[in-house]
1. In percent, what relative contact order does chain A have, based on Cα pairs under 8 Å that are 6 or more apart in sequence?
2. Probe radius 1.4 Å, ligands and nucleic acids left out: which of A:Glu193, B:Glu168, A:Glu139 has the largest accessible area, and how do the rest follow?
3. My understanding is that a pair violates if its Cα-Cα distance is over 26 Å; which of B:Lys33/B:Lys75; A:Lys33/A:Lys75; A:Lys102/B:Lys204; A:Lys32/B:Lys75; B:Lys102/B:Lys162; A:Lys102/A:Lys204 do that in this structure?
4. Compute for chains A and B the buried accessible surface, both sides summed, probe 1.4 Å, and express it in Å² to the nearest 100.
5. Rounded to whole Å, give me the distance from the Cα center of the range B:99-116 to that of the range A:83-111.
6. Expressed as a whole percentage, what fraction of the accessible surface of chain A belongs to carbon and sulfur atoms when a 1.4 Å probe is rolled over the protein heavy atoms?
7. Using only the C-alpha atoms of the protein assembly as shown, find the volume of their convex hull and express it per residue in Å³.
8. In nm, what does the list of distances from A:Ala97 to its counterparts in the other copies look like, shortest first, when each label sits 7 Å along Cα to Cβ?
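The values are calculated or read from the model by the stated rules, or taken from the named source; none is laboratory data. Remember, predicted model here, so these are calculated numbers, not experimental data. Neighbour counts run over all protein chains shown; Cβ positions are idealised from the backbone, glycine included. All accessible areas refer to the heavy atoms of the entire protein, side chains included, with ligands and DNA or RNA removed. Shrake-Rupley method; radii C 1.70, N 1.55, O 1.52, S 1.80 Å.
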Protein chains: 2
Amino acid sequence: MSLTKVAPRSRAKAKEGYHHGDLETALLVHAKKLISQNGVENLSLRQVAAKVGVSPSAAYHHFPDKDALLRAAAKSAFEDMAEFQVASQQNFKGTSALAARKRFRALGISYVGFAQTNPHLFRLSFGPYCGGDEMARGESRPWQLLVASLDQLMAAGEIHPKIRPHAEVLVWSAIHGAATLILDELLPEAALESILDAIEISLKSSGKVGNK
Amino acid sequence: MSLTKVAPRSRAKAKEGYHHGDLETALLVHAKKLISQNGVENLSLRQVAAKVGVSPSAAYHHFPDKDALLRAAAKSAFEDMAEFQVASQQNFKGTSALAARKRFRALGISYVGFAQTNPHLFRLSFGPYCGGDEMARGESRPWQLLVASLDQLMAAGEIHPKIRPHAEVLVWSAIHGAATLILDELLPEAALESILDAIEISLKSSGKVGNK
DNA sequence: GAGGGTATCTGAACAATATTCAGATTATGG
DNA sequence: CCATAATCTGAATATTGTTCAGATACCCTC
């Protein structure tokens, strides 16, 4: 299932011959490539097989059906986003509160940036083909990145202790919602900055509001 | 395009005979019914036509292609959600700050509640078949409901004037993100309450946080 | 290093699908 | 009342997911 899996006999690069070498990852790579161009709803197994240069039925020796391939592609795309996010944070180092806040914002901006750069892959990662159990909360890279960033923000005194336990869900919800609504053209791209501001405010405040 | 469109010769109820009477809405209704059962990705035009009791090609006299039917269904489902939300607010009347806040929370809870009750329809409303221009921000019912609720909250003194302009995008993003992440089982259902609390805090505070 | 077993790939087949089109049927307007 | 337009049918086509028998290459054992 791993993308870096080594083919038997280490022939991962053999593109000629009856046996492909590493069809599983080749199918995944080309599936993602085609999806990022045309969207999941317009992807066919036969297209992927043709791109890889293999018979349509060959795929069934590596994935039980099309849905399994799509689920694997969704999981892979999810990790692509994590890489994209990691790269965006390299520019802001240090332990100061300002650096922590800049990294935090970069994390959110890169989340939405990935969605805008690869809309079809972003939509693939969530929705019907979302891994569910496998990439459950706590296990996924994006979630770990978020936890780490919030820990740094907390250490820098930018989060009120009382709401720290609820910080992850709030931030992820707001950023994810912004990303999808911007993709659907229901919100303008500029909305992201307002949302990030509001999140920072909410994180810093005490966590109690008027009587219910 | 309207759901309540009256058929020519007012024969909307005629189910017998060569002509159907109001095929367009019948297709929409049954499409939504099938989608809510099996999801968009498992819907076929022929299924819908069969349910309605009509030939597959008949649909092409009312929708240019399958995508057009799905887009119309998405738009219709979006308005279904608005109805669901309106119903949820009937229990909390009055102009007090407490009533306004209860209505506000009911609006968010019903948004997520609709997503959980009709996951397939909720996913249909957004994503690839989202109306885009037609149901652009400002025009859609859910957006209008949100604006109205925030106006009431503002009048009750529960929103700081400085962040009132950014309130809609923040709230919609956070609630929409929560709904989709809960659907994907990436967040627990209980996260919604934390998010609503955090939103209320953010709305009431002044809108400025430490130096950048 | 030779041979058998196994994993992998092909090619043909099948049912279901979206879409088109000629023709049949009904409604509508003059 | 009749002609024209709107609506529906039925058949046809190309593409799809999936299965399966058979061909091919790899790997392990002897």
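1. Values: 208 pairs, mean separation 38.0, N = 212.
For chain A, the relative contact order is 18 percent.
2. Working: A:Glu193 85, B:Glu168 20, A:Glu139 125 Å².
Final ranking, largest accessible area leading: A:Glu139, A:Glu193, B:Glu168.
3. Details: B:Lys33/B:Lys75 14 Å; A:Lys33/A:Lys75 14 Å; A:Lys102/B:Lys204 24 Å; A:Lys32/B:Lys75 29 Å; B:Lys102/B:Lys162 22 Å; A:Lys102/A:Lys204 15 Å.
Long pairs (Cα-Cα over 26 Å): A:Lys32/B:Lys75.
4. Values: alone 12270 and 12290 Å², together 20500 Å².
Counting both chains, the buried surface is close to 4100 Å².
5. Centre-to-centre distance over Cα atoms comes out at 33 Å.
6. On the way: 5400 of 10250 Å².
Answer for chain A: carbon and sulfur cover 53 percent of the accessible area.
7. Details: hull volume 66.1 nm³, N = 424.
Convex hull volume per residue, Cα atoms: 156 Å³.
8. For A:Ala97, the other copies' label points sit at 2.7 nm, shortest first.
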